[in-house]
Each structure stands twice: as structure tokens, then as C-alpha cells.
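The values are calculated or read from the model by the stated rules, or taken from the named source; none is laboratory data. Model, not experiment: these values are computed from the prediction. In this analysis, Cβ positions are derived from the backbone assuming ideal geometry, glycine residues included, and neighbour counts consider all displayed protein chains.
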Amino acid sequence: MTQPVSPPRDSSTAKVSQAQPPAWRGLMARADVRTLSLLGVLAVLVLIGGITKPDEFLDTRNLQLVLTQASVIGVVTVGMTFVIVSGGIDLSVGAIVALASVWATTVATQEYGFAGILFTAVVVGVGCGLVNGVLIAYGAMVPFIATLAMLASARGLALQITDGKTQIVTVPSVLDLGERDAYVLGIPPLVLVFAVVTVIGWLVLNRTTFG
């Protein structure tokens, strides 16, 4: 009995099929275009600042100050990431930060030192977030409405506490955080806090069942 003979295999076709795509294509395919575009904008801004004001913008002290100011917003964005990836929205984060800040720096709170300020800020933030969560999860309120109401409430309460005046911090341990002696390898403490919060947020989102 005659066995069917398969056609000869083209060696050039086999080589083409076995060829692997360049590594840079796989990297670009996995990269988020939006993230890369944001990094590009940041690089352009740094370049403009370095060209127009090199002595001032690229000064070590100025870069440390920029990183410190960005760290405050950065910590908030880590929490907002959890809200956004779950399809929610929170309009009250800025007002809650303001309320926690002014409540934690009242004269009565500062009498308890650094621990009192830190504890008050955390309790105020957690309390406001808990109210938002209960209203949305169990009160069936739309997140936009619930957080908008919290925004107005927190802003009004912060204004009531301060009476429209600037809060002055007098606790030495808090003021020392801004001194160069508190820097670790030239990195301000607030930047280190932001880095730790970012790492924890990344681990929770990528290495836990909850995330």
C-alpha cells in the first residue's frame, strides 16, 4: 500500500516562522502609552527648566523642595488609585487633606506633640473616608454626590476651625522634618514616606487578592 508523500518543506518558510520579534517590540506592546506620554511631558518640563534657569531649577535645594511638595499630592494619588481602578470617584480628597491638616495643627492638638498631630490627622482622614464609604456602600448614594457633600462639609469645617487664619506649627519634632539634618542620603523625609506608601500600594494592588 502506497503511503501519501508530504510535500517538501520550504526551509525559508520554516526560518521565517521560527524568527522571534525584536525585544523592543514586546516591551513597547506591554508599556502603557499614556504613562509613557506623561513621562515624556515631565522630561520636557525638566528640560525647559534646566535650559531657561539652570542655576536655579537644577539646584539641589530646589529639586528637594519640588519633590517634597509633590510627595504630599503623591500620597493622596496612591489612595485615589484604588478608587479609580474600581470605577469610583472621590471629589473630597483635597478638602479632607485640608481638614486633617488644620485639625491636627490646632493649639490643643499640638500640646500632645508629634504623636498627637499624627494621630489626629489619621483619625480625621479615616473618619471622613468611613463616612463616604458607608453612604456609598450602605446608603446607596451616588459616589459623585456623597463625595461632593463631603467636600463642602470638610471645607466648611476646616474654615470654622481656623477662623480663616493660618495655622502655625510650633512642635519642634514636626519642624525638624523640614531641616536638612533630617534628610536621609539627601532625600527629604516626606519623599521617603511617599516612596514607602507607593511601594505598599503597588504590592496591595498586584500581590494580594484584595488588589
Of the residues in the stretch 99-123, how many are of a type outside the set (Phe, Trp, Tyr), touching a residue at least 40 places away in the same chain (Cβ under 8 Å) and farther than 11 Å from Thr162 by Cα?
-> 3
Of the residues in the stretch 90-107, those that are surrounded by fewer than 16 Cβ atoms within 10 Å (Cβ to Cβ) and either at pLDDT below 90 or under 15 Å from the mean Cα position of the chain (by Cα) (or both) come to Gly94, Val107
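Just for helices (runs of 4 or more DSSP H) wholly inside the stretch 1-86: which have at least 1 residues that are surrounded by 12 or more Cβ atoms within 10 Å (Cβ to Cβ), modelled with pLDDT of 85 or more and in contact with a Pro (Cβ under 6 Å, 6 or more places away or on another chain)?
Result: 60-85.
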Residue check, Ala121 surrounded by 13 or more Cβ atoms within 10 Å (Cβ to Cβ) and within 30 Å of Leu175 (Cβ to Cβ) = yes
